[in-house]
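Peer 1: The following block contains the structure, expressed as structure tokens.
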Amino acid sequence: MNLNELFLSILSFFILLIMILIGVAFLTLFERKILGYIQIRKGPNKVMFMGILQPFCDAIKLFSKEQMFPLVSNYYPYYISPIFSLFLSLILWMVMPYFTNMNSFNLSILFFLCCTSISVYSIMISGWSSNSKYSMLGGLRSVAQTISYEVSMLIIMLFFIFLIESFSFLDFYKFQLNFWFIFIMFPLVVVWFIICLAETNRTPFDFSEGESELVSGFNVEYGSGGFALIFMAEYSSILFMSMLCMLMFVGGNLFNLFFYIGLVFFSFLFILIRGTLPRLRYDKLMMMAWKSFLPVSLNFLFFILMLKFFIFNLLV
């Protein structure tokens, strides 16, 4: 890679980051509008035309508030963990399969799994470093939930690795040029989407934000900029998981408008579920992870292994 290619690669990644942050801003407005109409009321509609600048006003308000921290907190981990959380959720977008190979690489599935696993540490450090029993309990529950659902997510990814025989997200596009995976593995789409809900701490799995019983969970001691960074990391993850659902099951052609319409549709489903479903009980959440999703994902994995084995024997 020469200097010009490196410069173009860095520039394209920074443009992508700016677009993601703008997308996060308008996703929050979209969510507030949808939840408003679900509850038969108007969402934000005062700032400019239909409240279009409301997210930017919220950002200015949050980042201009006074920075406060608990006296007994571990100062550096307390401040670094929200930044680390947002950094991880943004760096994940490097796996987006560019056809120009600017930021794509052959082991993008492994990179995705590594980043999602490390994101547990930001939740754990946020809960622990605040030195508050409420944030500690919220952090523990959130970490246990995330780790439980990551097992099923990893097995589903293994299923795809055996199916396409590659670690690159670019191959999802190549394998779905004529036929989408959603038609042959619809139950897996539903399981994957529910796992995405649990991984992003969204309703009905939002135990890290259960106001009534957890006093806002692991982020209870955060305000102003720290809270805003955690908030942005969550919504960036929602956009990324929506993109991943489109990429894995519905083609993944980045130059097609349908790809972005589908991405917005999956983001809409995240919001719709928040407006319609109540929060699960914690033991039901864990039972679903270990007694329902794990057997289903393992069965799909054994199915594809047997299928590949028989096809290989027939060809040989």
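We did not get these values from a lab; they are worked out from the coordinates using the rules stated. Note that the structure is predicted; figures quoted are calculated from it, not measured. Every residue, glycine among them, receives a Cβ derived from its backbone with ideal geometry; neighbour counts consider all protein chains shown.
Peer 1: For residue 131, enumerate residues with amide H under 5 Å from its amide H, sequence gap 5+ or separate chain, H modeled in the peptide plane.
Peer 2: Here 74 satisfy the definition.
Peer 1: Any idea what angle helix 54-64 forms with the longest principal axis of the chain, computed on alpha-carbon atoms, 0 to 90 degrees, nearest 10?
Peer 2: 60
Peer 1: Dimensions of segment 1-115 along principal axes (Cα, Å, largest first)?
Peer 2: Over segment 1-115, Cα extents along the principal axes are 52, 43, 27 Å.
Peer 1: In whole Hz, what ³J(HN,Hα) sequence does segment 262-270 give by Karplus (6.51, -1.76, 1.60; θ = phi - 60°), x for Gly and Pro?
Peer 2: My calculation for segment 262-270 gives x, 4, 5, 5, 5, 5, 4, 5, 4 Hz in order.
Peer 1: Right, here's the next one. Measure nothing but the geometry: give the 0 to 90° angle between the long axis through the Cα atoms of 186-199 and the longest principal axis through the Cα atoms of the chain, rounded to 10°.
Peer 2: 30
Peer 1: Choose one of 8, 91, 251: the residue whose Cα lies farthest towards the positive end of the charge dipole of the chain (beta-carbon charges +1 Lys, Arg; -1 Asp, Glu; about the Cα centre).
Peer 2: 251
Peer 1: With Kirkwood's inverse mean 1/r over C-alpha pairs for Rh, give me the Rg to Rh ratio of segment 63-112, two decimals please.
Peer 2: Taking Rg over the Kirkwood Rh, I get 1.23.
Peer 1: For segment 83-228, what Kirkwood radius comes out of the mean inverse Cα-Cα distance, in Å?
Peer 2: 16.8
Peer 1: How large is the convex hull of the C-alpha atoms of segment 151-271 per residue, in Å³?
Peer 2: So the per-residue Cα hull volume is 127 Å³.
Peer 1: Remind me, what semi-axes does segment 3-315 give for its equivalent ellipsoid, largest first in whole Å, using sqrt of 5 times each Cα gyration tensor eigenvalue?
Peer 2: 33, 24, 20
Peer 1: For segment 65-158, count all C-alpha to C-alpha pairs, find those more than 14 Å apart, and express that count as a whole percent of the total.
Peer 2: In whole percent, the long-distance tail amounts to 71.
Peer 1: Go ahead and set up a Gaussian network model of the chain, Cα springs under 10 Å, then flag whichever of 206, 171, 283 fluctuates most.
Peer 2: Evaluated over the chain, the most mobile residue of the options is 283.
Peer 1: Oh, and also: So which trypsin sites (Lys or Arg not before Pro) in segment 12-52 pass both tests, a DSSP loop state and at most 15 other Cβ atoms within 10 Å of the Cβ?
Peer 2: Answer in residue order: 41, 42, 46.
Peer 1: If one computes the Cα centroid of segment 288-316 and of segment 114-186, what distance in Å separates the two points?
Peer 2: Going from one Cα centre to the other spans 19 Å.
Peer 1: Okay, moving on. Mind listing the phi-derived Karplus ³J(HN,Hα) values for segment 88-93, rounded to whole Hz, using 6.51, -1.76 and 1.60 with θ = phi - 60°, and x for any glycine or proline?
Peer 2: 5, 5, 7, 5, 4, 5
Peer 1: May I pose another question? Nearest 20 debye, what's the magnitude of the dipole of the chain about its Cα centre given +1 on Lys and Arg Cβ and -1 on Asp and Glu Cβ?
Peer 2: With Lys and Arg at +1 and Asp and Glu at -1, about 680 debye.
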